[in-house]
Amino acid sequence: MIHYFKNVNNETVEIDKPENGIWVNLVPPFKEEEFFELGEELDIPIEFLRDSLDIDERPRYEIEDNVKFIVIKTPTENNSFNDSDAFYITIPICIILTHNHIVTVNSFDNGAIKKFLNTFQKRHPDKRNLMVLKIFEKVVSNFMDYLKEINQRRNLLEQKLYDANRNEELLQLVRIQKSLVYFVTALRSNELLMMKLERTNFFSLNEEEREVLNDLIVDNSQALEMANIYTNILSSTLDAFASIIANNQNEVLKRLTTLTLILTVPTLIASIYGMNTPIPYKNSPYTFWIPVIISFIILVVVSWKYFDRVRKTKSK
């Protein structure tokens, strides 16, 4: 689906057909014939439009026939129904700058993109460099918002794990860890993209616009640092819970081993007295009950000491 926007009296309004100096926004669903028609009408290489549909397209910039092509990654919620997938992923936003138009292509339609486009509609399509920088600014802001949301979700899951160790919370922490991997990779690629754009002056920015781009590079670096910190914290948390689970497992095995040894005593004595050889007290009526009673007394004493230690541990 193709939308055309034009600046009228300092407001961005949608129009029915393309004109000079407008902003063109493509959102799903796409039709193949629309791409060819738009490419011919605006003199855009068809490869740029096709690459825009690749959800795995990496952040980069390119120029062909005086048409500039920029790809930047932005975060969004993952709509997958697979319980093992990441909560959040990153998707490309593609920007195409022609002589008279600015074209944006979104390969994935969701709430984050709609929110992004709503802020877009307050900008001036004729100020192309400013619009591109505003796109970058919104992308960095979206990363910051999602990182804060990830941190809050991580804290809640950790608290639940402290109260009761369950696999469900651990699996959700792993999904958060996958999300952070996507974020770190995208933020690092976005940072390299912005630094190259600033170094090569790809947009022919003026002094004020260059300062804005430098500020965006700093903000993106801060978001990358936040993502790295959250990743390290989450990794340490998962390692700590793995150690706790291992210790709990060792305690359970220790108790089971002790119980097994205690219960083995009457079995061992019964096996010995089952042999067809002369054994002391073989004909005594108390031969069976004596080891059973001794084992029961030992079991009671060990159990009492164990539960007493557990009670003292909880009271500290």
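Return the residue satisfying two criteria in turn: it lies in segment 31-57 and is aromatic (Phe, Trp, Tyr) and out of contact with any strand residue (DSSP E or B) (no Cβ under 6 Å at 6 or more places or on another chain), and of such residues it is surrounded by the fewest Cβ atoms within 10 Å (Cβ to Cβ).
First pass over segment 31-57, keeping only residues aromatic (Phe, Trp, Tyr): 35-36, 48.
Filter again for out of contact with any strand residue (DSSP E or B) (no Cβ under 6 Å at 6 or more places or on another chain), leaving 35-36.
Details: Phe35: 20, Phe36: 12.
Among those that are aromatic (Phe, Trp, Tyr) and out of contact with any strand residue (DSSP E or B) (no Cβ under 6 Å at 6 or more places or on another chain), it is Phe36.
Consider Leu205 carefully, then state whether it is assigned by TED's automatic domain parsing to the domain that holds Arg153, more than 25 Å from Glu57 (Cα to Cα), out of contact with any Cys (no Cβ under 8 Å at 6 or more places or on another chain) and at pLDDT 80 or above. Break it down into steps so the answer makes sense when it comes.
Numbers: assigned by TED's automatic domain parsing to the domain that holds Arg153: yes; more than 25 Å from Glu57 (Cα to Cα): yes; out of contact with any Cys (no Cβ under 8 Å at 6 or more places or on another chain): yes; at pLDDT 80 or above: yes.
Against the criterion (assigned by TED's automatic domain parsing to the domain that holds Arg153, more than 25 Å from Glu57 (Cα to Cα), out of contact with any Cys (no Cβ under 8 Å at 6 or more places or on another chain) and at pLDDT 80 or above), Leu205 qualifies.
Could you check, for segment 180-192, whether at least one of its residues is exposed (fewer than 11 other Cβ atoms within 10 Å of the Cβ) and out of contact with any helix residue (DSSP H, G or I) (no Cβ under 9 Å at 6 or more places or on another chain)? No, because not a single residue in segment 180-192 is exposed (fewer than 11 other Cβ atoms within 10 Å of the Cβ) and out of contact with any helix residue (DSSP H, G or I) (no Cβ under 9 Å at 6 or more places or on another chain). Inside segment 213-249, residues that are under 14 Å from the mean Cα position of the chain (by Cα) and without any contact (Cβ under 8 Å) to a residue 40 or more places away in the chain make up a count of 2. The number of residues in segment 1-58 that are under 14 Å from Cys94 (Cβ atoms) and of a type in the set (Phe, Trp, Tyr) comes to 4. Each residue in segment 158-186 was checked for being under 18 Å from Ile233 (Cα atoms) and modelled with pLDDT of 90 or more, and 14 pass. Residue count for segment 30-55 satisfying the condition of being free of Cβ contacts under 8 Å to residues at least 40 places away in the same chain, over 16 Å from Leu97 (Cα atoms) and part of a loop (DSSP other than H, G, I, E, B): 2. I'd like to know if segment 173-184 contains one or more residues that are within 17 Å of Ile72 (Cα to Cα) and in contact with a Pro (Cβ under 7 Å, 6 or more places away or on another chain). Checked segment 173-184: at least one residue is within 17 Å of Ile72 (Cα to Cα) and in contact with a Pro (Cβ under 7 Å, 6 or more places away or on another chain). Residue count for segment 225-280 satisfying the condition of being surrounded by 11 or more Cβ atoms within 10 Å (Cβ to Cβ) and outside any helix (DSSP H, G or I): 1.
Taken together, the residues in segment 79-98 that are part of a loop (DSSP other than H, G, I, E, B) and free of Cβ contacts under 8 Å to residues at least 40 places away in the same chain amount to 4. Residues in segment 20-30 that are closer than 16 Å to Arg128 by Cα and surrounded by 11 or more Cβ atoms within 10 Å (Cβ to Cβ): Gly21, Ile22, Trp23, Val24, Asn25. Does Gln172 satisfy the condition of being over 27 Å from Ile93 (Cβ atoms) and in the same structural domain as Asn201 (by TED's automatic domain parsing)? Yes: the conditions hold for Gln172.
Would you be able to tell me the number of residues in segment 58-78 that are over 21 Å from Ser141 (Cα atoms), touching a strand residue (DSSP E or B) at 6+ places or on another chain (Cβ under 7 Å) and in a loop (DSSP other than H, G, I, E, B)? Here the count works out to 0.
Tyr146 meets the conditions (1) of a type outside the set (A, V, I, L, M, F, W, C); (2) at pLDDT 80 or above; (3) surrounded by fewer than 17 Cβ atoms within 10 Å (Cβ to Cβ) in every case but one. The failed one is (3).
Just one of (1) assigned to a strand (DSSP E or B); (2) more than 31 Å from the chain's Cα centre (by Cα) fails for Lys17. It is (1).
The values are calculated or read from the model by the stated rules, or taken from the named source; none is laboratory data. Computed from a prediction, not measured in an experiment: that's the story for all the values here. Methodologically, a virtual Cβ is constructed for each residue, glycine included, from the backbone with ideal geometry; neighbour enumeration extends over all protein chains shown.
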